[in-house]
Amino acid sequence: MLDELQEIYEFLCTTQYLKLSQVNPKVRESHPHAYPKNAEQQYGGWGHNPGFEGYGPIAMITAQGALAFALMERCDIEIDEERHLAAYDFLQRGTGSNGYLWYGDSVAGDRNWADMGRTGTSAIAHWMSPHREHRAHALRHAQLMGEQPQSFPDTHASPLMGMAYGALGASIDKNSFESLMKANRWWFLLAECPDGTFAYQPNRDNNGYGNDARLLATGVTAFIYSIPLKGLVMTGKKVR
């Protein structure tokens, strides 16, 4: 298993953006607004694959990368600390003072908020960080989700993934998780089918939505319901 994790780590290193020379010059023509204006912009992030809405590093994938590094380190994979911190810096640049994480590494505004998938993913990534000072940033994310729980089932691109990460991120703060679940009780009640499975209706930019919509919704709901059981290190299981 460690060999496979090492291979994944090496792949993540090759795909993390750290220098302008990694950017295809043709991006200036195809996506001029997304081309980095300087060496610091977008530094440390991960983004879309080329050819598919490829507008550079974005917060959601960068948060997943930071989380992957944090979990790999717990499995004794040697992580380049500079790379890992660069990913966290990217996420922090994109976070407003209210704790909301925008698409990239610039803030949407100190009072703005919308779909919370990115914010939840960054919360759990910062919470699992080997650097304890990152926990304050994680809590700021989680508390915002508890204060503004309305958009929980309405996340962008992959709503079910956003719900899973949103609930996971909010769960690091008990009150925030309870607020999120209470405010969205209606969704869980209306989404449940007579046979006990859950269904999800198409949302904005539902990439991958298809015949497996019920399977995905059921799996995500089961995961969310299991969070208080603390069966995973990410949900609070104590490490032996």
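None of the figures in this text is laboratory data; all of them are computed from the coordinates on show. From a predicted model like this one, the values you see are computed outputs, not experimental measurements. With ideal geometry, Cβ positions are generated from the backbone for all residues, glycine too; neighbour counts draw on all protein chains shown.
Among the lysines, select those whose C-alpha is under 26 Å from the C-alpha of LYS237, and discard any that sit fewer than 8 residues away in the same chain.
LYS174, LYS182
Taking a cut-off of 19 Å between Cα atoms, list the aspartates and glutamates near LYS238, but don't count ones fewer than 8 places away on the same chain.
Once the sequence-local aspartates and glutamates are set aside, what remains near LYS238 is GLU73, ASP76, ASP173.
I'd like the orientation of helix 135-147 relative to the chain: the angle between its Cα long axis and the longest Cα principal axis, in ° from 0 to 90, rounded to 10.
50 degrees
Compute the acute angle (0 to 90°) between the alpha-carbon long axis of helix 174-183 and the principal axis of greatest extent of the alpha-carbon atoms of the chain; round to the nearest 10°.
Its long axis makes an angle of about 60 degrees.
Round to a whole angstrom and tell me the spacing of the C-alpha centers of segment 13-52 and segment 104-152.
Going from one Cα centre to the other spans 24 Å.
Could you name the aspartates and glutamates in cross-link range of LYS37, using Cα to Cα under 17 Å and dropping any fewer than eight places away on the same chain?
Of all the aspartates and glutamates, those that pass the test against LYS37 - Cα under 17 Å, at least 8 places apart if same chain - are GLU29, ASP105.
If I model a spin label at CYS13 and CYS75 as a point 7 Å from the Cα along the Cα→Cβ vector, what separation in nanometres do I get?
About 1.6 nm separates the two model spin labels.
How do SER226, SER21 line up, fewest other C-beta atoms within 10 Å first?
SER21, SER226
Give me the Kirkwood hydrodynamic radius of the chain, using the inverse of the mean 1/r over all pairs of distinct Cα atoms, in Å to one decimal.
Answer for the chain: a Kirkwood hydrodynamic radius of 18.5 Å.
When the dipole is taken about the Cα centre of segment 2-235, and only Lys, Arg (+1) and Asp, Glu (-1) are charged at their Cβ, what size is it in debye, to the nearest 20?
680 debye
Compare the Cα positions of MET181, THR235, GLN64 along the charge dipole of segment 2-235 (+1 at Cβ of Lys, Arg; -1 at Cβ of Asp, Glu; about the Cα centre) and return the one farthest towards the positive end.
MET181
Going by a ≥ b ≥ c, the root eigenvalues of the Cα gyration tensor, does segment 40-138 fall in the rounded group (a/c under 1.5), the prolate group (a/b larger than b/c) or the oblate group?
It comes out oblate by the Cα gyration axes.
Taking the chain as the reference, fit the longest principal axis to its C-alpha atoms, fit the long axis of helix 159-170 to the helix C-alpha atoms, and give the angle between the two in degrees, 0 to 90, nearest 10.
The two axes meet at around 90 degrees.
How far is the Cα center of segment 210-240 from the Cα center of segment 165-186, in Å?
Distance between centres, Cα-based: 13 Å.
When only DSSP loop residues count, what GluC sites (Glu not before Pro) in segment 63-149 have their Cβ near at most 15 other Cβ atoms within 10 Å?
Within segment 63-149, the qualifying GluC sites (Glu not before Pro) (loop, at most 15 other Cβ atoms within 10 Å) are GLU78.
So if I take the alpha carbon set of segment 150-199, get Rg, then get Rh from the Kirkwood formula, what is the Rg over Rh ratio?
Here the Rg-to-Rh quotient is 0.99.
Using the number of other C-beta atoms within 10 angstrom as an exposure proxy, rank ARG74, ARG83, ARG140, ARG132 with the fewest first.
Least crowded to most crowded, the residues run ARG132, ARG74, ARG83, ARG140.
Considering the alpha-carbon set of segment 60-100 alone, what are its Rg and its Dmax in angstrom?
When restricted to Cα atoms, segment 60-100 yields Rg and Dmax of 11.2, 35 Å.
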